[in-house]
Amino acid sequence: MEEDLNAQGNLVKRGFSGVVGQPYTAYEYDYVSGNGILSGSKYFYTNIPNQDYSSYETDLDATGAVSLQIFNNNDGTHRIIGFQDNLTIKSVYSDYTTGGGSNETFVYTPNFGNATVTDFAGTGHDSFVLPKSEFADFNSLLAQTQMSGGNAVSTSANGNGDHLTLLGVTTATLATLGADFYFV
């Protein structure tokens with residue numbers, strides 16, 4: 001068992017690995033700001049045979065409802081699926097992401113690979129947090145965006161080959177969504 005404490009010494013996470021006799025091999029419980037109230041849990045499944053993925057994670061909210069699943073594909077990419085509203089979905093690397101609800105925040109770090117979001121709703125519904133090292137600001141993002149197969153595809157300015165594809169979003173629509181993009 002592993003425990004993480006905050007600066008005040010309060011429990012914020014408790015993790016268990018090497019689990020046997022269950023379909024999952026590890027799990028963790030997350031607590032709100034160290035106050036002892038369970039905010040969610042994560043279950044990790046490994047060594048998955050005969051699938052396009054080798055392992056996956058299922059995140060549950062405090063009520064036990066599935067909020068997010070992350071599949072680690074055999075080719076090094078990831079499939080991320082949200083199941084609730086108001087999720088913050090953090091990119092892993094070369095992700096194919098479905099937010100699954102409304103008011104989702106898609107967060108990307110530098111060198112995010114080839115990322116695709118299937119259900120970006122825009123204006124007041126979903127938002128993006130993108131690294132300034134990839135796109136300096138919204139105008140930079142627009143300047144680096146082309147249409148491909150009916151989708152807006154933005155290519156990183158830093159030359160590392162990263163691409164962000166928004167399925168079903170045109171460059172004209174994207175140009176109206178500046179308030180939904182944040183650059184850090």
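Just the residues that are hydroxyl-bearing (S, T, Y) and within 14 Å of V184 (Cα to Cα), please, taken from the stretch 106-124.
Result: Y108, T109.
On the given criteria, is G18 without any contact (Cβ under 8 Å) to a residue 24 or more places away in the chain, closer than 21 Å to V169 by Cα and touching a strand residue (DSSP E or B) at 6+ places or on another chain (Cβ under 8 Å)?
Taking the combined requirement at face value, the residue does not satisfy it.
Which pairs have Cβ atoms under 9 Å, sit 6 or more apart or on different chains, and link a residue in the stretch 53-81 that is in contact (Cβ under 8 Å) with a residue 24 or more places away in the chain and within 17 Å of T116 (Cβ to Cβ) to one that is acidic (D, E) and not in a strand (DSSP E or B)?
Close Cβ pairs (under 9 Å, with a partner that is acidic (D, E) and not in a strand (DSSP E or B)) amount to R79/D52.
Pairs please, first residue from the stretch 136-154 and acidic (D, E) and in a loop (DSSP other than H, G, I, E, B), second anywhere and at pLDDT 95 or above and surrounded by 12 or more Cβ atoms within 10 Å (Cβ to Cβ), Cβ atoms under 8 Å, 6+ apart in sequence or on different chains.
If the second residue must be at pLDDT 95 or above and surrounded by 12 or more Cβ atoms within 10 Å (Cβ to Cβ), the pairs left are D137/F183.
Which is at pLDDT below 95 and either surrounded by 14 or more Cβ atoms within 10 Å (Cβ to Cβ) or over 19 Å from T109 (Cα atoms) (or both), of T171, T123?
Exactly one of T171, T123 is at pLDDT below 95 and either surrounded by 14 or more Cβ atoms within 10 Å (Cβ to Cβ) or over 19 Å from T109 (Cα atoms) (or both), namely T123.
Is it the case that the stretch 67-77 has a residue that's aliphatic (A, V, I, L, M), within 19 Å of H163 (Cβ to Cβ) and in contact with a strand residue (DSSP E or B) (Cβ under 8 Å, 6 or more places away or on another chain)?
Within the stretch 67-77, not a single residue is aliphatic (A, V, I, L, M), within 19 Å of H163 (Cβ to Cβ) and in contact with a strand residue (DSSP E or B) (Cβ under 8 Å, 6 or more places away or on another chain).
Out of all the residues in the stretch 65-75, is one or more modelled with pLDDT under 95 and under 22 Å from V107 (Cβ atoms)?
no
Looking at the stretch 174-184, which of the residues that are within 19 Å of the chain's Cα centre (by Cα) and of a type outside the set (D, E, K, R) is surrounded by the most Cβ atoms within 10 Å (Cβ to Cβ)?
The selected residue is F181.
Taking the condition closer than 14 Å to F181 by Cα, of a type outside the set (A, V, I, L, M, F, W, C) and out of contact with any strand residue (DSSP E or B) (no Cβ under 6 Å at 6 or more places or on another chain), does N111 pass?
Considered against the rule, which asks whether it is closer than 14 Å to F181 by Cα, of a type outside the set (A, V, I, L, M, F, W, C) and out of contact with any strand residue (DSSP E or B) (no Cβ under 6 Å at 6 or more places or on another chain), N111 comes out as no.
When both residues are 6+ apart or on different chains and their Cβ atoms are under 9 Å apart, which pairs have a first residue that lies in the stretch 21-42 and is touching a residue at least 12 places away in the same chain (Cβ under 8 Å) and surrounded by fewer than 17 Cβ atoms within 10 Å (Cβ to Cβ), and a second that is part of a loop (DSSP other than H, G, I, E, B) and hydroxyl-bearing (S, T, Y)?
So the pair list comes out as Y24/T46; T25/T46.
Take the stretch 46-89 and flag every residue that is within 12 Å of the chain's Cα centre (by Cα), more than 15 Å from E28 (Cβ to Cβ) and of a type in the set (G, A, S).
G82
The values are calculated or read from the model by the stated rules, or taken from the named source; none is laboratory data. Predicted, not measured: the structure shown is a model, and the values here were computed from it. Glycine gets a Cβ as well: all are built from the backbone with ideal geometry, and neighbour counts include every protein chain shown.
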